[in-house]
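Notes follow once the structure below has been shown.
The numbers here are math on the coordinates, done by the rules we state, and not lab data. Predicted model, so just to flag it, every value in this text is computed and none were measured. All Cβ positions, even for glycine, are placed from backbone atoms using ideal geometry, and neighbour counts span all protein chains on display.
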Number of protein chains: 2
Amino acid sequence: MNLKELATKLGLSPTTVSRALNGYPEVNEATRARVIAAAKRHNYHPNTRAIRLATGRAMAVGHVIPIATRHEIVNPVFADFIAGAGETYSRNDYDMILSVVPDEDEEATYRGLKSKGNVDGVIVHAPRMNDPRIALLREIGLPFVVHGRATGSSEPYSWLDVNNRRAFQRATEFLLDLGHTRIGLVNGLEFMDFAIRRRTGYVDALTARGITPDPALMFSDEMTEVAGFRATQAMLALPQPPTALLCASMISGMGARRAVESAGLTVGRDVSIIIHDDDLSYMKNGEDVPIFTATRSSVREAGRLAAEMLLGLIAHPEDAPQQRLLEAELIIGQSTGPAPKA
Amino acid sequence: MNLKELATKLGLSPTTVSRALNGYPEVNEATRARVIAAAKRHNYHPNTRAIRLATGRAMAVGHVIPIATRHEIVNPVFADFIAGAGETYSRNDYDMILSVVPDEDEEATYRGLKSKGNVDGVIVHAPRMNDPRIALLREIGLPFVVHGRATGSSEPYSWLDVNNRRAFQRATEFLLDLGHTRIGLVNGLEFMDFAIRRRTGYVDALTARGITPDPALMFSDEMTEVAGFRATQAMLALPQPPTALLCASMISGMGARRAVESAGLTVGRDVSIIIHDDDLSYMKNGEDVPIFTATRSSVREAGRLAAEMLLGLIAHPEDAPQQRLLEAELIIGQSTGPAPKA
DNA sequence: GAATCGCCTCAAACCGCTTTGGATGGTTCA
DNA sequence: TGAACCATCCAAAGCGGTTTGAGGCGATTC
């Protein structure tokens, strides 16, 4: 059933039927009702491809997921971020199209998306320092929202981020208040913007209390279980091992836990651990009582909001770029305690 | 730059330019070369929307990710599966469109996808027993491949699955060979097809050795850390606790580990653990020596293959349904050992 | 009674490509 | 030498909608 058939069946022209269904005012309300009823009865759904060609809009947004060719790692937060964004898109009848591309093909992918016209805008994932994608997207004129920020970009652009610096600063202060002074950092890769900011927060908090950050206590790697394990194991082997750790994610925190326990120590007593918790649906940090003390911010909610920002931008491209900074909560769980007496 | 402009610029008709670019034989090779050169020079990319309307093909496949409204859990294997599938799609110039929908809206989503014509086929995720989606998709005539199988569906359909029964059977046998007789099962939700099959494999192996499966040792829940923890904790509190566990995923295995260790026991000595390892990129089971003994099958590879099957089906809809059963490897890690002497 | 005005409706152009059904001119072959 | 045949190219008709510009028509105004 297409528009023309429906129109003939109703004894109307396609024009009128189209207008009736799309809520244009120049059609009699009685007629409109009749048309809508018929459309429902005949189960008429306008062909998306035709709408897209006619209107020039793609009614779709792109998410380009870069795969680091070296590590081949898909960041697990994508799943939840996308679930959140997807909710927004469904509500607005937008499609979400995902491109999984080796990071060296990213530029070509964005250009293709624009020139072939299959999306109206994109979400930029995993921004790095001085991320070239921002200039690129502005150049080719594709609306975009960055999930995170890109230190080093001068011109304003739209982004949505968690206050990573503040979160790790507060977490560090919390540990300091508990009497810890040897605090280790199990950070993500430090060319990623969020990791840089977290490190800054950590360093700032230490410095503010007169503690000189010790490079031997700062690790930076993929946020995997194994990497968390290795970093922790290395730190625990030091002459002056840390009594507390800041971990970049739930998963690296689990690696840290394994290292602590396989060293015969107990988490929360011998070694305190604070993680950053993205509140992933399949990776809940305990139930009533959180397993880990954590800085928490829902990445799913971030997905929802970022998608809304993007749709807004697409609807009003002339608007100024939007920014939104979310604060993480500091939630107390079972993995932290006072520093052990020396 | 569109086709018509390019044609005028070349002094050719749109027809010829289109044919030249699409490799049709009725065009002089010299002309073709000239056209291709001009297209490159002017950075011409055909408008996807127009192609789609003209050809009637969407050049896109859909992945409908159901969100269980009750738990709101996004299965973490999606990320890797989709990364794998995405590779296949990119190579074939297909778009991947993701719909994240509450499971009660699933049927409407599939129908909409078909009648609005935005995809040429779909991948069905997370099949359950007697899954209604199979009949639905056949009815509406949308090509599909199921990731997994749906016990109870009579008519043939295309699927790609891991031999879950066999994997868990072998894992159980391996534990039996090590002298374990009290073996616990920390399974996924048993309305999911894969969970049913795993349980069958486990039960079969026990029965074959004359051991009656003990309901007190069989748990079924979401595959989360917390669920793994709880199930394990409950079993360890039994008068006759298990000396070995089969866990449905790396994540539930981590919960199990936490429970074992917080009971003051040691994994691999007091309690052996075997997990199923989907070989997720961010959740590697150790490096040289695996952390967990595991049945392993790469879900990313599964994504690649399933996508290939689907594209084949779309290209040749008349072909008979395809099936493919992947075998999981049993890899030995540090989490298993002989049964402790009673 | 003619002119004006709103309200509805329609025919036709258009979006940018593919594809069908010729047209053209040069070759080949009987 | 004329017919059949290629090889090459083009005009035009879609694909299924949206949107512009133009009426038709009954009611109102002067």
Got a sec? Charge dipole of the protein assembly as shown, +1 on Cβ for Lys and Arg, -1 for Asp and Glu; which of A:THR224, A:ALA38, A:ALA244 is way out at the positive end? A:ALA38
For the pair B:ASP288 and A:SER13, the simple spin-label estimate (label points 7 Å beyond Cα toward Cβ) gives in nm 7.9
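Just add up the charged neighbours of A:VAL17: K/R +1, D/E -1, any other residue whose Cβ is under 12 Å from the Cβ of A:VAL17.
Every neighbour counted, the sum reads +4.
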Select from A:GLU329, A:GLU287, A:GLU104 the residue whose mean-square fluctuation is largest in a Gaussian network model of chain A (Cα-Cα springs shorter than 10 Å). A:GLU287
Between A:ALA208 and the same site in the other copies, what are the distances in nm, shortest first, taking label points 7 Å from Cα along the C-beta direction? 6.2
How far is the Cα center of the stretch A:158-204 from the Cα center of the stretch B:278-332, in Å? 37
So, relative contact order of the stretch A:164-297 in percent, Cα under 8 Å, 6 or more apart, is 24
Positive end of the charge dipole of the stretch B:164-297 (Lys, Arg +1 and Asp, Glu -1 on Cβ, about the Cα centre): tell me which of B:ILE275, B:MET235, B:LEU189 has its Cα farthest that way. B:MET235
The stretch A:3-46 - percent relative contact order, Cα under 8 Å, separation 6 or more: 36
For B:ARG57 and A:GLU29, FRET efficiency with R0 = 51 Å and r from the beta-carbon atoms, rounded to 0.05? 0.85
Shortest first and in nm with one decimal, please list how far the B:ASN2 label point sits from its counterparts in the other copies (point 7 Å along Cα→Cβ). 1.8
Neighbouring partner chain Cβ atoms per residue of B:4-10, average, 10 Å criterion: 0
Cβ charges +1 (Lys, Arg) and -1 (Asp, Glu), total dipole of chain B, debye: 820
Where the label is 7 Å out from Cα toward Cβ, how close does A:ILE332 come to the same position in every other copy, in nm, shortest first? 4.8
Those lysines that a straight Cα-Cα span of less than 20 Å connects to A:LYS4, excepting residues fewer than 8 apart in one chain: A:LYS40, B:LYS114, B:LYS116
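Among the DSSP beta bridges whose two residues both lie in chain A, what percent are antiparallel, rounded to the nearest 5? Please report the intermediate quantities before stating the final value.
Details: 4 of 41 bridges.
The antiparallel proportion sits near 10 percent.
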Taking a ≥ b ≥ c as the square roots of the Cα gyration tensor eigenvalues, with a/c under 1.5 meaning rounded and otherwise prolate when a/b beats b/c, else oblate, which class fits the stretch B:164-297? rounded
Per residue of B:49-55, count partner chain C-beta atoms within 10 Å of its C-beta, then hand back the mean as an integer. 6
Please give the charge dipole size of the protein assembly as shown, origin at the Cα centre, charges +1 on K and R Cβ atoms and -1 on D and E Cβ atoms. Round to the nearest 20 debye. 1240
Exercise: per-residue mean of other protein chain Cβ atoms within 10 Å, B:74-84: 6
Find how much the distance from B:THR212 to B:ARG324 grows on full extension, using 0.36 nm per residue of separation minus their present alpha carbon separation; answer in nm with one decimal. 37.1 nm
Which whole-number percent gives the relative contact order of chain B, counting Cα pairs below 8 Å spaced six or more residues apart? 17
Mind giving me the FRET efficiency for A:ALA237 and A:ILE140? R0 is 56 Å, r the Cβ-Cβ distance, nearest 0.05 is fine. 0.65
Full extension between A:ILE332 and A:ARG41 adds, at 0.36 nm per residue less the Cα distance, a length in nm of 99.2 nm
Among B:GLY264, B:LEU310, B:GLY253 the positive-end extreme of the charge dipole of the stretch B:243-342 (Cβ point charges): B:GLY264
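Suppose every Lys and Arg Cβ carries +1 and every Asp and Glu Cβ carries -1, with no other charges. What dipole size does the stretch A:162-271 come out with about its Cα centre, to the nearest 20 debye?
So the magnitude is around 200 debye.
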